[in-house]
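Colleague: Take this structure first; my questions come after.
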Amino acid sequence: MTTSTSDKQLTANRNNALLGGVKTPQGKAVSSKNATKYGIFSKAVVLEEIEDEELYKDMRSQFFGELQPVGIVETTLVDRIVSLQWRLARITRAESAMVLKGRMEARMKHSLEDTQHFLVHAERPTIDYVEHFRTSLVCKSLVDSVDNFVTALEWFGLPLSPHFREQLRDRFGTTHEFSQIKHILDFDFVAQSRLHAVKFEAVRWEDRIIDPAISEEDRQTLIDMTKIAREFAGYMLENAKVRLRMWEAMEMERDMAEEDSRLIPPEKELLAIHRGESNLHRMYMHSLHELQRLQSARQGNQPPLAAALDVNMNNENGFDL
């Protein structure tokens, strides 16, 4: 079938050709993805807002400088090699990003679990606060609590204020880890019994000792028991600090092990990465070998023809695969 163009249509085509191509932003956006200098280089190879186009151009320039293609065929092969190399590097970056993502997810998971458990147990400060829940967050809370108690003993001595007495009894109980609590509470009970007629709320230690309302015997009892209570409180504080350091070290080792376990992506993702990398590498080497054959022939050599290899595999039943 033959077609003919009218003189009117022919004139219109010639006038359109003189306009110099597309002018609108939409048309330019479409034409920008067309082939450029060598008919195959396209900006679409570089992912916008993710990859650096200048790095791609630098790498392309180095490949062209080293391989020195001549003609459209060799140029096309070099452009393909550049594109494949860029995609191979992208796979490496993607694999690293997957590993980093896994490590951060593991760290965030541990952080959220620790915070959740800490808040749950902090709302019911019973004996199992120490006995059944052991993390660095809890040990840190214990250190802060005991440190406040030690400060109270330094400032006010015995007997304790109702606030600290209730805090020690409810939070620590008389567990074997903090058996000193029982002794301190016993001393506090004796101090209250000996000095029941005297109110010591918000009175510093020095003011208690010089209070003329206290007998010499009661004053000495107060001094001796407060001294021992301070020693017990010091033992408690050191115990809590040791546990804090122990749990911090163990949790750090646990987190590092958890992160290292993510160095290899899950099997499904790992297989997908390897398949993509193998396919790109095969295409890369094929293009490189084809370029070498063409360049060798252009230089007057006689490279061997490309070999074709057919592979057949039979299963146990004799069927071709």
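Colleague: Tell me, please, whether a residue that is surrounded by 16 or more Cβ atoms within 10 Å (Cβ to Cβ) and either at pLDDT below 85 or more than 29 Å from Lys140 (Cα to Cα) (or both) can be found in segment 221-230.
Modeller: yes
Colleague: Follow-up question, since we're still on this one. One residue is enough: does segment 183-190 have a residue meeting the conditions touching a residue at least 60 places away in the same chain (Cβ under 8 Å), within 48 Å of the chain's Cα centre (by Cα) and in the same structural domain as Leu160 (by TED's automatic domain parsing)?
Modeller: No; the residues of segment 183-190 include none that is touching a residue at least 60 places away in the same chain (Cβ under 8 Å), within 48 Å of the chain's Cα centre (by Cα) and in the same structural domain as Leu160 (by TED's automatic domain parsing).
Colleague: Collect the residues in segment 48-67 that are without any contact (Cβ under 8 Å) to a residue 12 or more places away in the chain and part of a loop (DSSP other than H, G, I, E, B), keeping them in residue-number order.
Modeller: Glu48, Glu49, Ile50, Asp52
Colleague: All but one of (1) modelled with pLDDT of 85 or more; (2) over 30 Å from Phe63 (Cα atoms) hold for Trp86; which doesn't?
Modeller: (2)
Colleague: Enumerate the pairs (first residue in segment 280-308 and without any contact (Cβ under 8 Å) to a residue 40 or more places away in the chain; second residue anywhere and loosely packed, with under 13 Cβ neighbours inside 10 Å) with beta-carbon separation below 6 Å, excluding pairs fewer than 6 apart on the same chain, so at least 6 apart or on different chains.
Modeller: From residues that are without any contact (Cβ under 8 Å) to a residue 40 or more places away in the chain, the pairs are Pro303/Ala297.
Colleague: Here's another thing I want to ask about it. Identify the single condition in (1) part of a helix (DSSP H, G or I); (2) surrounded by fewer than 16 Cβ atoms within 10 Å (Cβ to Cβ); (3) at pLDDT below 85 that Glu154 does not satisfy, given that it satisfies every other one.
Modeller: Result: Glu154 passes all but (3).
Colleague: From the list Asp186, Asp147, pick out the single residue that is of a type in the set (Asp, Glu), surrounded by 14 or more Cβ atoms within 10 Å (Cβ to Cβ) and under 15 Å from Phe232 (Cα atoms).
Modeller: Asp147
Colleague: Can I ask one more? Pairs needed: first member in segment 202-228, more than 15 Å from Trp155 (Cβ to Cβ); second member anywhere, of a type in the set (Phe, Trp, Tyr) and not in a loop (DSSP other than H, G, I, E, B); C-beta distance under 7 Å; at least 6 residues apart or different chains.
Modeller: Cβ pairs passing all conditions: Met225/Phe187; Ile228/Phe187.
Colleague: Find all pairs meeting these conditions: Cβ atoms under 6 angstrom apart; at least six residues apart or on different chains; first residue within segment 99-122 and closer than 15 Å to Glu251 by Cβ and among the acidic types (Asp, Glu); second residue at pLDDT below 75 and surrounded by 12 or more Cβ atoms within 10 Å (Cβ to Cβ).
Modeller: Asp114/Thr135
Colleague: Which condition does Thr126 not pass, out of (1) of a type in the set (S, T, N, Q); (2) outside any helix (DSSP H, G or I); (3) at pLDDT 90 or above, if it passes all the others?
Modeller: Status for Thr126: all satisfied but (3).
Colleague: Further question: Would you call His163 loosely packed, with under 15 Cβ neighbours inside 10 Å and at pLDDT below 85?
Modeller: no
Colleague: Is it true that some residue in segment 196-217 is modelled with pLDDT of 90 or more, touching a helix residue (DSSP H, G or I) at 6+ places or on another chain (Cβ under 9 Å) and β-branched (Val, Ile, Thr)?
Modeller: Within segment 196-217, not a single residue is modelled with pLDDT of 90 or more, touching a helix residue (DSSP H, G or I) at 6+ places or on another chain (Cβ under 9 Å) and β-branched (Val, Ile, Thr).
Colleague: Just one of Lys33, Lys109 is modelled with pLDDT under 90 and in a loop (DSSP other than H, G, I, E, B); which is it?
Modeller: So the residue among Lys33, Lys109 that is modelled with pLDDT under 90 and in a loop (DSSP other than H, G, I, E, B) is Lys33.
The values are calculated or read from the model by the stated rules, or taken from the named source; none is laboratory data. Quantities reported herein were computed from a predicted structural model and do not represent experimental measurements. As a convention, Cβ positions derive from the backbone with ideal geometry for all residues, glycine included, and neighbour counts pool all protein chains shown.
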